[in-house]
1. At what distance in nm do the modelled label points of residue 66 and residue 98 sit from each other, each positioned 7 Å from its Cα along Cα→Cβ?
2. Just to confirm the filter: which chymotrypsin sites (Phe, Trp or Tyr not before Pro) across region 47-90 are DSSP coil and have at most 11 other Cβ within 10 angstrom of their Cβ?
3. Within a Cβ distance under 13 Å of residue 71, other residues only, what is the Lys/Arg minus Asp/Glu net charge?
4. Classify region 36-109: rounded, prolate or oblate, from the alpha-carbon gyration tensor (a ≥ b ≥ c, eigenvalue square roots; a/c under 1.5 rounded; otherwise prolate if a/b is larger than b/c)?
5. Pop out the carbon and sulfur fraction of the accessible area of region 65-108 as a percent, whole number, probe 1.4 Å.
6. Just need the relative contact order of region 72-113 here, percent rounded to a whole number, with Cα pairs under 8 Å and 6+ apart.
7. Can you tell me the accessible area per residue over region 36-109, all protein chains present, probe 1.4 angstrom, in square angstrom?
8. Cross-link list 32/58; 44/100; 56/112; 32/100; 37/80: which exceed 19 angstrom alpha carbon to alpha carbon?
Amino acid sequence: MLLKKSSLKFLSGLACSVLAVSLVASAQADVKRVNSKESIKACKAHLLQQNTQDVKVKFKNKSATQVDNNSYKHWLNAVKTNADGRESLKVLCETTRAGKVVTLDVQSGSWKF
């Protein structure tokens, strides 16, 4: 069965439209993703929001990150200072690839990298 030239043009145009829509949709899906540095910033901001103003938290530069398809997992070291003194903190934080904090576990001590 042979198709008319106008039918071929229509099908070709339809295929191009479908391809363009799928490319735009995938680009928009990628826009919602953050990189690991932005994910770490979200973890730090979440921890700082949980503390009062008289508590200061300073993060160490060295950290570890695990990247999965749907999440980031970060191991961070910090020092908390307040009127009672200083305390080392080890922080385990998991975020979605969009940067939303899912879990934040804070304990005394520090991670060894």
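The values are calculated or read from the model by the stated rules, or taken from the named source; none is laboratory data. Remember, it's a predicted structure, so these values are computed and weren't measured experimentally. Counting neighbours? That spans all protein chains shown, and the Cβs are built from the backbone with ideal geometry, glycine included. SASA here: full protein model, heavy atoms, side chains in, ligands and nucleic acids out. Shrake-Rupley method; radii C 1.70, N 1.55, O 1.52, S 1.80 Å.
1. 2.3 nm
2. Counting only loop positions with at most 11 other Cβ atoms within 10 Å, none of the chymotrypsin sites (Phe, Trp or Tyr not before Pro) in region 47-90 qualifies.
3. Residues near residue 71 contribute +2 overall.
4. It is prolate, given that a/c is not under 1.5 and a/b is the larger ratio.
5. Details: 990 of 2450 Å².
That share works out to 41 percent.
6. 38 percent
7. 64 Å²
8. Checking Cα-Cα distances, 32/58; 56/112; 37/80 exceed 19 Å.
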